[in-house]
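What follows is one structure encoded as structure tokens, with my remarks underneath.
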Amino acid sequence: MAIPTETVYGLAADASNSEAVLSIYETKGRPRFNPLIVHCADLAMAEMLAEFSPLARTLATLWPGPLTLVLPKRPNVPLSALVTAGLDTVGIRIPGHKLALDLIELVGRPLAAPSANPSGRLSPTTAGQVVEGFGGRVPVLDGGPCVAGVESTILRVDGDTIVQLRAGALPRVEIEALTGRSVLDPAKDSPLVAPGMLSSHYAPRARVRLAAEAPETGEAYLAYGAPPADFGGPMLNLSPARDPREAARNLFSMLRELDASGAETIAVAPIPPTGLGEAINDRLVRAAAPR
Ligand code: TXA
Ligand code: MG
């Protein structure tokens, strides 16, 4: 079943049930080496699955929220090996959405949930997009449009270091302000890279052209701030007021809508890379990657 979260919709299954977890991989067409995030209702549930260092515990004060912590898995936990794809770590988060939390509590067990899109496509931020993406084969718990609109920030906490495996809805500066530590990037070829960070991902059908100050004839345009004068083609605006939160919320839906306009190329206005702009640009670069 698909469930709402504050970031994007997730395709959820009982994380202890291998058959249920397998059906997630099959439904999404997801490679088995790419582990799933485990969603918990509270810290007690999370602490049954993973070892929390003092630093991890500090970061966990940001829960419920758009943050996933990759932590050492405890021995003999009731998690299907498919969830962690055989790794000795587990990605955990407590989502900031009442319906999701109520459901996990009702089930009484953690739920494994990747984003509820066919592998490689745009993540869904409404129930309707989930229905559409899987051709109506997946039931959806409709919790309204997702308020954040991009996926959670993923951090690997290892001793005293924090490595950001995926930029996301929780900006780096907030993590640094809370912990007083700098958030590191995975070194090139570091084993700490999230297995799922394939360079082409979040792909619309159309080609994507980035940092486009203005659209060219025949393109669709995704604006940010003041729109170009006298452009007659399909155009949407991520945020006329240049508010990154509004832009993140609109990002995937607007890419979908412009994709549906039939244009061969979607040109996207430049978006400053600071704060939430880091996650927005990360998704855009992947959407624009050659496939
Ligand atoms: O906001 C979100 O995070 C959404 C909602 C539904 O919670 N979920 C989501 O899941 O984006 P998914 O499967 O699309 O992305 C999960 C990412 C993948 O890149 C995966 O490789 C990484 O998390 N991941 C999960 N467990 C990991 C682990 N133990 N070590 C490293 N990376 C891990
Ligand atoms: Mg995903």
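Each reported figure results from applying straightforward, stated rules to the coordinates on display, with no laboratory input. All figures in this text were calculated on a predicted structure; none of them were measured in a lab. So basically every Cβ, Gly included, is an ideal-geometry build from the backbone, and we count neighbours across all protein chains shown.
What would the Debye formula give as log10 I(q)/I(0) at q = 0.10, 0.15 Å⁻¹ for the alpha-carbon point model of the chain, no solvent?
Result of the Debye calculation: -0.51, -1.15.
When only Cα pairs under 8 Å and 6 or more residues apart are kept, what is the percent relative contact order across the stretch 207-288?
42 percent
Got a sec? How would Met1, Met48, Met254 order by Cβ neighbour count within 10 Å, fewest to most?
Ordered from fewest to most neighbouring Cβ atoms within 10 Å, Met1, Met48, Met254 come out as Met48, Met1, Met254.
How big is D, in µm² s⁻¹, for the stretch 207-288 by Stokes-Einstein at 4 °C and 1.567 mPa s if Rh is the Kirkwood radius over C-alpha pairs?
For these conditions, the coefficient is 105 µm²/s.
How fast does the stretch 56-128 diffuse by Stokes-Einstein, in µm²/s, taking the Kirkwood radius from C-alpha pairs at 4 °C and 1.567 mPa s?
So the translational diffusion coefficient is about 92 µm²/s.
How far apart, in nanometres, would the label points at Thr217 and Arg205 be if each is projected 7 angstrom from Cα along the Cα-to-Cβ direction?
Modelled inter-label distance: 2.4 nm.
Among Leu236, Val173, Cys146, which residue has its Cα furthest toward the positive end of the charge dipole of the stretch 143-286, with +1 on Lys/Arg Cβ and -1 on Asp/Glu Cβ?
Cys146
Just want to confirm a number: the relative contact order over the chain, from Cα pairs under 8 angstrom separated by 6+ residues, in percent.
20 percent
Report for the chain the percent antiparallel among DSSP-assigned beta bridges with both residues inside it, nearest 5. All intermediate terms of the calculation are to be shown ahead of the outcome.
Numbers: 17 of 36 bridges.
About 45 percent, rounded to the nearest 5.
Could you point to the residue in Gly218, Gly86, Leu184 farthest towards the positive end of the chain's charge dipole, with +1 and -1 charges on the Cβ of Lys/Arg and Asp/Glu respectively?
Selected residue: Gly86.
Please list 142-151, 111-120 highest first by mean number of surrounding beta-carbon atoms within 10 Å per residue.
Descending packing order for the listed peptides: 111-120, 142-151.
Given labels modelled 7 Å from the Cα in the Cβ direction, how far is it in nm from Ser182 to Glu132?
4.2 nm
What residues have an amide H closer than 5 Å to that of Arg166, excluding those fewer than 5 places away on the same chain, when H is modeled at 1.01 Å from N in the peptide plane?
Ile154
Using the 10 angstrom Cβ neighbour count as an exposure proxy, how do Ile24, Ile92 rank, fewest first?
Ile24, Ile92
Would you mind calculating the relative contact order of the stretch 126-265 from Cα pairs under 8 angstrom and at least 6 residues apart, reporting the percent as a whole number? Walk me through the intermediate numbers first.
Numbers: 179 pairs, mean separation 27.4, N = 140.
Relative contact order of the stretch 126-265: 20 percent.
Rounded to the nearest Å, what's the spacing between the alpha carbon centres of the stretch 1-41 and the stretch 65-103? Just the number, please.
That distance is 10 Å.
Show that you can apply the helix-only estimate: for the chain, add -39,500 (n - 2.57) for every DSSP H stretch of four or more residues, divide by all residues, and state [θ] at 222 nm to the nearest 500.
So the calculated ellipticity at 222 nm is -8000 deg cm²/dmol.
Determine the dipole magnitude for the chain: charges of +1 sit on the beta-carbon of Lys and Arg, -1 on that of Asp and Glu, nothing else is charged, the reference point is the Cα centre, and the result goes in debye to the nearest 20.
440 debye
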